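All remarks here apply to the structure that follows.
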Amino acid sequence: MFYIHCPYCGEHREEEEFHPKGQAHIARPQDPDACSDEEWGDYLFFRDNPRGIHHELWVHAVGCRKFFNVTRNTVTYDILETYKIGEQPSVTAESLASAEKTAGVQVADGGQQAVGASDSAVKDSRGAKV
Ligand code: ZN
(Lines give C-alpha, C1' and ligand atoms only; values in the text may rest on other atoms or scores of the structure.)
Protein backbone atom coordinates (compact mmCIF):
# COMPACT_ATOMS: atom_id res chain seq x y z
CA MET A 1 0.00 0.00 0.00
CA PHE A 2 1.26 3.45 -0.86
CA TYR A 3 -0.21 6.90 -1.02
CA ILE A 4 -0.71 9.27 -3.93
CA HIS A 5 -1.10 13.03 -3.62
CA CYS A 6 -4.22 14.32 -5.38
CA PRO A 7 -3.52 17.89 -6.58
CA TYR A 8 -7.23 18.74 -6.33
CA CYS A 9 -8.03 17.22 -2.94
CA GLY A 10 -4.64 18.30 -1.59
CA GLU A 11 -4.25 15.09 0.35
CA HIS A 12 -2.25 11.90 0.17
CA ARG A 13 -4.80 9.15 -0.41
CA GLU A 14 -4.51 5.37 -0.66
CA GLU A 15 -3.49 4.06 -4.08
CA GLU A 16 -6.69 2.02 -4.36
CA GLU A 17 -8.64 5.25 -4.90
CA PHE A 18 -6.79 5.96 -8.16
CA HIS A 19 -6.64 4.49 -11.66
CA PRO A 20 -3.98 5.09 -14.32
CA LYS A 21 -5.33 6.15 -17.71
CA GLY A 22 -2.25 6.10 -19.90
CA GLN A 23 0.20 8.62 -21.31
CA ALA A 24 -0.35 12.29 -20.51
CA HIS A 25 0.08 15.37 -22.73
CA ILE A 26 -1.22 13.82 -25.94
CA ALA A 27 -2.26 16.72 -28.15
CA ARG A 28 -5.16 16.20 -30.54
CA PRO A 29 -4.21 17.28 -34.06
CA GLN A 30 -5.47 20.81 -34.81
CA ASP A 31 -7.14 19.76 -38.05
CA PRO A 32 -7.92 16.01 -38.10
CA ASP A 33 -9.14 16.20 -41.71
CA ALA A 34 -5.70 17.41 -42.79
CA CYS A 35 -3.87 14.53 -41.08
CA SER A 36 -2.45 11.63 -42.98
CA ASP A 37 -3.62 8.17 -41.97
CA GLU A 38 -0.22 7.64 -40.33
CA GLU A 39 -0.46 10.86 -38.26
CA TRP A 40 -4.01 10.04 -37.16
CA GLY A 41 -3.01 6.46 -36.33
CA ASP A 42 -0.09 7.72 -34.24
CA TYR A 43 -2.43 10.03 -32.34
CA LEU A 44 -5.01 7.31 -31.67
CA PHE A 45 -2.94 4.20 -31.04
CA PHE A 46 0.77 4.73 -30.43
CA ARG A 47 2.09 5.66 -26.99
CA ASP A 48 5.51 6.12 -25.44
CA ASN A 49 6.78 3.33 -23.24
CA PRO A 50 9.99 4.73 -21.76
CA ARG A 51 12.30 3.10 -19.29
CA GLY A 52 12.49 5.86 -16.69
CA ILE A 53 10.53 9.09 -16.42
CA HIS A 54 6.98 8.91 -17.79
CA HIS A 55 4.15 11.45 -17.57
CA GLU A 56 0.82 9.72 -17.05
CA LEU A 57 -2.84 10.62 -16.79
CA TRP A 58 -4.53 9.33 -13.63
CA VAL A 59 -8.01 9.73 -12.18
CA HIS A 60 -9.00 9.99 -8.51
CA ALA A 61 -11.82 7.52 -9.14
CA VAL A 62 -12.98 7.04 -5.54
CA GLY A 63 -12.49 10.65 -4.49
CA CYS A 64 -13.00 13.89 -6.37
CA ARG A 65 -13.20 11.94 -9.68
CA LYS A 66 -10.92 14.46 -11.37
CA PHE A 67 -8.15 13.67 -13.83
CA PHE A 68 -4.60 14.81 -13.11
CA ASN A 69 -1.05 14.08 -14.24
CA VAL A 70 1.62 12.00 -12.54
CA THR A 71 5.35 11.96 -13.24
CA ARG A 72 6.46 8.42 -12.48
CA ASN A 73 9.71 6.50 -12.81
CA THR A 74 8.81 3.26 -14.59
CA VAL A 75 11.95 1.54 -13.30
CA THR A 76 11.55 2.28 -9.58
CA TYR A 77 7.76 2.97 -9.55
CA ASP A 78 8.49 6.19 -7.65
CA ILE A 79 5.93 8.93 -8.17
CA LEU A 80 8.00 12.10 -8.44
CA GLU A 81 5.16 14.62 -8.63
CA THR A 82 1.46 15.08 -9.36
CA TYR A 83 0.02 18.15 -11.07
CA LYS A 84 -3.26 19.42 -12.42
CA ILE A 85 -4.47 19.12 -16.00
CA GLY A 86 -3.17 22.08 -18.02
CA GLU A 87 0.00 22.38 -15.97
CA GLN A 88 3.45 21.27 -17.13
CA PRO A 89 5.68 18.84 -15.21
CA SER A 90 8.56 20.30 -13.24
CA VAL A 91 10.43 16.98 -13.36
CA THR A 92 11.31 15.64 -16.81
CA ALA A 93 13.79 13.10 -18.13
CA GLU A 94 15.81 16.01 -19.53
CA SER A 95 15.91 17.91 -16.22
CA LEU A 96 17.02 14.80 -14.34
CA ALA A 97 19.69 14.01 -16.95
CA SER A 98 21.11 17.53 -16.75
CA ALA A 99 21.03 17.36 -12.94
CA GLU A 100 22.94 14.07 -13.03
CA LYS A 101 25.52 15.52 -15.43
CA THR A 102 26.01 18.52 -13.17
CA ALA A 103 26.32 16.24 -10.15
CA GLY A 104 28.81 14.07 -12.01
CA VAL A 105 31.03 17.05 -12.78
CA GLN A 106 30.82 18.24 -9.19
CA VAL A 107 31.71 14.80 -7.84
CA ALA A 108 34.87 14.89 -9.94
CA ASP A 109 35.75 18.25 -8.39
CA GLY A 110 34.83 17.31 -4.84
CA GLY A 111 32.07 15.09 -3.54
CA GLN A 112 30.80 17.38 -0.79
CA GLN A 113 29.29 19.93 -3.22
CA ALA A 114 27.58 17.35 -5.44
CA VAL A 115 24.22 17.34 -3.64
CA GLY A 116 23.86 21.10 -3.63
CA ALA A 117 24.87 21.37 -7.27
CA SER A 118 22.33 18.72 -8.22
CA ASP A 119 19.55 20.53 -6.37
CA SER A 120 20.29 23.84 -8.07
CA ALA A 121 20.34 22.19 -11.50
CA VAL A 122 16.84 20.83 -10.93
CA LYS A 123 15.59 24.23 -9.79
CA ASP A 124 17.15 25.91 -12.85
CA SER A 125 15.44 23.51 -15.23
CA ARG A 126 12.11 23.99 -13.44
CA GLY A 127 12.46 27.74 -13.75
CA ALA A 128 13.24 27.48 -17.45
CA LYS A 129 10.01 25.62 -18.14
CA VAL A 130 7.73 28.23 -16.56
ZN1 ZN B 1 -8.93 14.07 -5.58
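Ordered from highest to lowest accessible area with the whole protein assembly present and a 1.4 Å probe, 8, 43, 3, 83 read as 3, 8, 43, 83. Full extension of the chain between residue 26 and residue 100 yields a length gain of 23.9 nm, computed as 0.36 nm times the residue separation minus the alpha carbon distance. Placing +1 on each Lys and Arg Cβ and -1 on each Asp and Glu Cβ, with no other charges, gives region 1-66 a dipole about its Cα centre of roughly 300 debye. Taking the accessible area of region 1-111, probe 1.4 Å, and keeping the other protein chains in place, the carbon and sulfur fraction comes to 49%.
The values are calculated or read from the model by the stated rules, or taken from the named source; none is laboratory data. Just so we're clear, the structure is a prediction, and the values are computed from it rather than from any experiment. Because the Cβ atoms are built from the backbone with ideal geometry, glycine has one as well, and the counts that use them run over all protein chains shown. For the accessible areas, the whole protein counts, side chains as well, though only heavy atoms, and no ligand, DNA or RNA atoms are used. Shrake-Rupley method; radii C 1.70, N 1.55, O 1.52, S 1.80 Å.
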